[in-house]
Amino acid sequence: VTSATLGARRGRAQGSPLARRRRRVFGPFLAPALILYTGLFMVPTGYSFYASFTSWDGFSNPRWKGTLNYEHLTHDPAFKDAFLNTLKLLFGCGIFLFVVSFAFMLMLREMKGRRFIQGFIFLPHIVSGVALAAFWDFLLNHDGMLNKGLHSFGLGPVDWLKPQWQFDAILVAIVWINTGYYVTILMAGVDRIPPYYYEEAKLAGTNSWQRFRHITLPMSWDVVGTAAVLWTIGTVKIFEFILAFSGSQGNLPTTNQWTSALYVYGETIGGTSPIYDFGRACAGAVVTLVAVVIVVAVLRRATSRDRLEL
Amino acid sequence: MRTSKNVHRAGVIAAAVAVSAVSLSGCGSSSKPGSSSGSGQSQGSTSFTYWSMWQQNEPQAKVIKKAADDFTAATGIKVDIQWQGRNVITKLTPTLKTGSSADLVDQSVNALGALVAKDETADLSALYGTTVSGESQTIGQIIPESYKPFLNDKNGKPFIAPYEVSSEGLWYDASKFPDLAANPPKTWDDLMALFDKAKGMGMAPVAVPGDDKYWVLLTLQRELGTDGLKKLAGDKTGVAWDDPKVLKAAQLVQNLRDKGYFIKGYESSKSIDEEGNWAKGQAAFYLSGTWVPSEAAPNATSGFKFDSIQLPALDSGNTDTGINFFGFAVPKTAKHSDAAEKFIAFFMKKQELAGISTQALNLTPRADVDPPAQLASISKALTGTVYADQGHLSVDYADWTNKMLNPEMIRLVTGQDNAAGFVANGKQGTIDYWKSAS
């Protein structure tokens, strides 16, 4: 098909009664979603950018404050903790999560009863974070299941949840919760790869690492990239597990376990005596947003390949 | 096989939008301008709306519900109760500008502080002058004078009508230490001797959660006095931390850990675990609030007799008792404040308020309502000099307490820092904090 004929075809399509009718319904179909999205989402987001330059208790009228909230953030130890912890989740947890997910995926590919196991590891993803936090505490606390298990071997007890390890326990839990989800996504990507590639590679005498390196990875690269972006966005949402796991009796977790989401909560309505500093919280959220956008942009560029349509 | 180029720019934008939904949605909703008239003294209301800090099945809720039913029967005024739970103030705040959704609300002095700071609570002076329903005294007269400074806003006007009082004590099983109530430790050495005695009895002396805040805070209060404690927060130069008494208080807490008085494995436990360990008899003492007897009762060994002592005096000589209040407040923009205040006057009468003691097992502000037996010692301590619980730090310096003090206290209690480290970090942390404060 030459470009000339394409152009001609497009010209006819624009003029056709069907296309005209299509264009007429386009607006009414789009409008409700667009209005809802703008009203409930874009406007508050824009307002948050504005609020980050103000002193605002979420109640009175905001007072303009310039960039002072941002300057204060640079001195705020709680924000440093929160930002660093978010990065730990994003990269530390992320790398570990993808290694584990790939390992599971490769293992499950050639396994009988893989659907069952896949369902099993997916399970934590659909259980509420609060319930998982209770379970994780039950498992790891001083009199918990893990120490009881160790005791039967004459070992321990180990203080798994001592303050300096508590965030690490959260990191491990987050990997545990999310593995099933990412295995499922990766599996869907890998399942599309036609088996004859593998058959041919086997005939050529390749080992399983070579097959992974030269077939599985390149041919599922777009799925990996999408999964990485999903993870990046997902890390900003990690909130209720930490609140339920580390907070107690309405108190916030200590600041060394805060993430960006907890920072926003802690600076506004969280805890037994809330701070109501919406201006600073919005500034914190904006900084996190910018950081995440940069990470996503870099990830998209790094994983950008010609997509395979199989 | 056809190929198409990845549209990564669109992906970035989509991601940005999705992320902002998550991270910014908390900051959304703009405030609307609205009426900001003072406490519109309404008249002749036949109903009012009460937003409660309790959940329906809590004992306090049952006491209040019964009082509301009695009130309606007596006056014909209907009470629309909504059991909002502990974050009632957070839920109420957005409604205040356009006319409060609730005519009556209750929470602790600390939680109501957010409304008081915004000048959104009605002045209850007139209510304090009102006679309690069916009695001869006014509300102002049944509330002990020593409590009143903590019930006023910055203009010296009462904003809360307290119906429940709480405090902290060092809890123990009186069946194991029968003489302690009569002879409480007078010095820190006495207290250590008591802990050694507990050790000799085969118990860990002290159950303490890994995120404990009471030991450090209350020891600092005893060593520095209440004003000295507040100075630690308010002194922007951090010099207050150089007072050798701060180091001494920190050393006393460090010694508790070093001498092995704290129960094994406490570093990784929470208050609910340690309260249980203590009630099961694994530890002799537990420093916590007046809610302990009702909360720990299901775990308690048979014959357990709840009682408490106060920490002994230290260098400041201060033996005051910390006090916190739960009570009613009326939002300034309430539409039926008259009916709400009538209900308060009704609830404060002995017959109704006694339920807080007999059913909810808590203390009331009324001296003529007998405290539950478990709280008799604390109730007696509260007849002496009182100070705003935890020096009011969690309200006046809430952000500093969250970001600076609490993490440092945990580091000291769990041995991540020694006493000198606590002081050094506290000083530097406070200086840094004030640099970042808005």
### Summary
Residues of the stretch A:34-73 being under 27 Å from the mean Cα position of the chain (by Cα), within 30 Å of A:Asp168 (Cα to Cα) and more than 8 Å from chain B (Cβ to nearest Cβ), in sequence order, are A:Tyr70
### Task
Give the residue that is nearest to the chain's Cα centre (by Cα), with candidates limited to residues of the stretch B:356-369 that are surrounded by fewer than 21 Cβ atoms within 10 Å (Cβ to Cβ) and assigned to a helix (DSSP H, G or I).
B:Ser357
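Taking the condition of being among the charged types (D, E, K, R) and under 12 Å from B:Ala233 (Cβ atoms), how many residues in the stretch B:409-426 meet it?
Number of matching residues: 0.
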### Query
So, of the residues in the stretch B:109-120 that are part of a helix (DSSP H, G or I) and within 11 Å of another protein chain (Cβ to nearest Cβ), which turns out to be surrounded by the most Cβ atoms within 10 Å (Cβ to Cβ)?
B:Leu112
### Task
Looking only at the stretch A:81-90, decide whether some residue is surrounded by fewer than 19 Cβ atoms within 10 Å (Cβ to Cβ), of a type in the set (A, V, I, L, M) and at pLDDT below 90.
no
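Condition first: crowded, with 16+ Cβ neighbours inside 10 Å and within 11 Å of another protein chain (Cβ to nearest Cβ). Can you find one or more residues in the stretch A:94-108 that meet it?
Our first condition is that a residue be crowded, with 16+ Cβ neighbours inside 10 Å; within the stretch A:94-108, this holds for A:94, A:97-98, A:100-102, A:104-106, A:108.
Add one more test, that the residue is within 11 Å of another protein chain (Cβ to nearest Cβ), and what stays is none.
No: the stretch A:94-108 contains no residue that is crowded, with 16+ Cβ neighbours inside 10 Å and within 11 Å of another protein chain (Cβ to nearest Cβ).
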## Note on the structure
Within the stretch A:247-277, residues more than 7 Å from chain B (Cβ to nearest Cβ) and charged (D, E, K, R) come out as A:Glu267
## Note on the structure
Condition set of a type outside the set (Val, Ile, Thr) and buried (at least 23 other Cβ atoms within 10 Å of the Cβ), scope the stretch B:312-325, selection farthest from B:Ser47 (Cα to Cα): answer is B:Gly322
#### Entry: From the options B:Ser288, B:Ser308, residue that is closer than 30 Å to B:Ile160 by Cα, modelled with pLDDT of 95 or more, within 13 Å of another protein chain (Cβ to nearest Cβ) and not in a loop (DSSP other than H, G, I, E, B)
B:Ser288
### Query
Hey, among B:Glu120, B:Glu135, B:Glu164, which residue is closer than 22 Å to B:Asp370 by Cα and either over 20 Å from the mean Cα position of the chain (by Cα) or at pLDDT below 95 (or both)?
B:Glu135
### Task
Could you check B:Lys78 against (1) over 17 Å from the mean Cα position of the chain (by Cα); (2) surrounded by fewer than 21 Cβ atoms within 10 Å (Cβ to Cβ); (3) touching a residue at least 40 places away in the same chain (Cβ under 8 Å) and say which number it fails?
(3)
### Query
Quick one: would you say A:Ile193 is in contact with a helix residue (DSSP H, G or I) (Cβ under 9 Å, 6 or more places away or on another chain), more than 30 Å from B:Val413 (Cβ to Cβ) and buried (at least 16 other Cβ atoms within 10 Å of the Cβ)?
yes
### Task
Name the helices (runs of 4 or more DSSP H) wholly inside the stretch A:7-96 in which the number of residues that are touching a helix residue (DSSP H, G or I) at 6+ places or on another chain (Cβ under 7 Å) is 3 or more.
A:43-51, A:68-75, A:77-87
### Query
in contact with a strand residue (DSSP E or B) (Cβ under 9 Å, 6 or more places away or on another chain), among the small types (Gly, Ala, Ser) and without any contact (Cβ under 8 Å) to a residue 24 or more places away in the chain: does that describe B:Gly140?
yes
### Task
Could you give me the residue pairs with C-beta distances under 6 Å whose first residue belongs to the stretch A:96-108 and is touching a residue at least 40 places away in the same chain (Cβ under 8 Å) and more than 11 Å from A:Gln118 (Cα to Cα), whose second residue is surrounded by fewer than 18 Cβ atoms within 10 Å (Cβ to Cβ) and of a type in the set (A, V, I, L, M) wherever it lies, and which are 6+ apart or on separate chains?
none
### Query
Would it be correct to say that B:Ser394 is closer than 30 Å to A:Tyr70 by Cβ, within 19 Å of the chain's Cα centre (by Cα) and within 14 Å of chain A (Cβ to nearest Cβ)?
yes
### Task
Find all pairs meeting these conditions: Cβ atoms under 6 angstrom apart; at least six residues apart or on different chains; first residue within the stretch A:134-158 and closer than 11 Å to B:Ser268 by Cβ and within 12 Å of chain B (Cβ to nearest Cβ); second residue exposed (fewer than 15 other Cβ atoms within 10 Å of the Cβ) and not aliphatic (A, V, I, L, M).
A:Gly144/A:Phe138
#### Entry: Subset of the stretch B:369-398 [of a type in the set (Asp, Glu) and either in contact (Cβ under 8 Å) with a residue 60 or more places away in the chain or out of contact with any helix residue (DSSP H, G or I) (no Cβ under 8 Å at 6 or more places or on another chain) (or both)]
B:Asp389, B:Asp396
### Query
Is it true that B:Lys264 is outside any helix (DSSP H, G or I), touching a helix residue (DSSP H, G or I) at 6+ places or on another chain (Cβ under 8 Å), surrounded by fewer than 16 Cβ atoms within 10 Å (Cβ to Cβ) and in contact (Cβ under 8 Å) with a residue 24 or more places away in the chain?
no
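Residues checked against (1) hydroxyl-bearing (Ser, Thr, Tyr); (2) at pLDDT 95 or above:
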position: B:Gly34; (1), (2): no, no
position: B:Ser37; (1), (2): yes, no
position: B:Ser42; (1), (2): yes, no
position: B:Thr49; (1), (2): yes, yes
position: B:Ser52; (1), (2): yes, yes
position: B:Ile64; (1), (2): no, yes
position: B:Ala74; (1), (2): no, yes
position: B:Ile81; (1), (2): no, yes
position: B:Val116; (1), (2): no, no
### Message
Please go through the stretch B:413-422 and give me each residue that is part of a helix (DSSP H, G or I) and either touching a Gly at 6+ places or on another chain (Cβ under 8 Å) or surrounded by fewer than 23 Cβ atoms within 10 Å (Cβ to Cβ) (or both), ordered by number.
### Response
B:Val413, B:Ala419, B:Ala420, B:Gly421
### Message
Can you find a residue that is more than 10 Å from chain A (Cβ to nearest Cβ), more than 20 Å from the chain's Cα centre (by Cα) and farther than 18 Å from B:Lys248 by Cβ anywhere in the stretch B:375-382?
### Response
no
### Query
Within the bounds of the stretch B:430-438, is there any residue that is farther than 22 Å from B:Asp243 by Cβ and surrounded by fewer than 16 Cβ atoms within 10 Å (Cβ to Cβ)?
yes
### Summary
Within the stretch A:135-182, the residues that are under 20 Å from A:Ile242 (Cα atoms) and outside any helix (DSSP H, G or I) are A:Asn141, A:His142, A:Gly144, A:Asp159, A:Trp160, A:Leu161, A:Lys162
### Query
Can you name every residue in the stretch B:93-128 that is in contact with a Leu (Cβ under 8 Å, 6 or more places away or on another chain) and β-branched (Val, Ile, Thr)?
B:Thr93, B:Val105, B:Val109, B:Thr121
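The values are calculated or read from the model by the stated rules, or taken from the named source; none is laboratory data. Please read all numbers here as calculations on a predicted model, not as lab measurements. Backbone-built Cβ (ideal geometry, glycine too); neighbour counts: all protein chains shown.
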